[in-house]
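Bear in mind that the values in this text are calculations on the coordinates, not laboratory data. The model shown is predicted, which means the values in this text are computed figures rather than measured ones. Reconstructed Cβ throughout: ideal geometry from the backbone, glycine too, with neighbour counts over all protein chains shown.
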Amino acid sequence: MTDLKSFADLVSLDYGLCVAVTLRGDGTPQATVVNAGVLPHPVTGTDTVGFVSPSATVKLANLRANPTIALTIRGGWQWTTIEGSAQLIGPDDPYPDIDDERQRLLIREIFAAAGVTHDWDTYDQVMRDKRGTAVLLTPSRIYSNPA
């Protein structure tokens, strides 16, 4: 097992593009691509991996039913996979002590951790309209290929 450093080292190579795999209700995998980065958890301060998703997506519906998730990031032939449990923080997934303003800033922090930049004022409005949700992954297993 390795640590989040092996994941973080790959983020800057391609804006944290990862394959995220969630589980459908029938147990089959559902895969999608997200921008993810490593950042401090907004409550505990421990390093976590985060990405953002509009609320009305299949991946979030899957995570609401079963928080099991895997993220794989790659750069060239180097890759790291993180498996674990997702925690959702957003307008449809309230979290204690995280208000609307903290959610807005958390979404910006996640994108910044992935190396993505935006016109933040416009992006804030887009995330409000799409009910943007932060997805934070608590790792239970981290593995990668040898460097």
Test for GLU83: is it farther than 28 Å from GLY25 by Cβ, charged (D, E, K, R) and touching a strand residue (DSSP E or B) at 6+ places or on another chain (Cβ under 7 Å): no
Can you tell me which condition TYR15 does not meet? The list is (1) on the phi > 0 side of the Ramachandran plot; (2) part of a helix (DSSP H, G or I), and all the others hold. (2)
Only one of (1) buried (at least 21 other Cβ atoms within 10 Å of the Cβ); (2) under 14 Å from LEU4 (Cα atoms); (3) not polar (S, T, N, Q) is not met by LEU106, so which one is it? (2)
Given the criteria within 24 Å of THR28 (Cβ to Cβ), basic (Lys, Arg) and assigned to a strand (DSSP E or B), does ARG64 qualify? no
Scanning region 44-85 residue by residue, those surrounded by 21 or more Cβ atoms within 10 Å (Cβ to Cβ), under 15 Å from LYS130 (Cα atoms) and in contact with an Asp or Glu (Cβ under 9 Å, 6 or more places away or on another chain) turn out to be LEU60
Against the condition outside any strand (DSSP E or B) and either closer than 24 Å to VAL43 by Cβ or out of contact with any strand residue (DSSP E or B) (no Cβ under 9 Å at 6 or more places or on another chain) (or both), how does GLU109 come out, does it pass? yes
For region 59-78, name all the residues that are under 23 Å from VAL126 (Cα atoms) and in contact with a strand residue (DSSP E or B) (Cβ under 6 Å, 6 or more places away or on another chain). LYS59, LEU60, ASN62, LEU63
Within region 110-146, residues of a type in the set (D, E, K, R) and either surrounded by fewer than 12 Cβ atoms within 10 Å (Cβ to Cβ) or touching a Ser or Thr at 6+ places or on another chain (Cβ under 9 Å) (or both) come out as ASP119, ASP121, ASP129, LYS130, ARG131, ARG141
Criterion: within 15 Å of the chain's Cα centre (by Cα) and small (Gly, Ala, Ser) - qualifying residue of GLY75, GLY90, GLY45, GLY27: GLY90
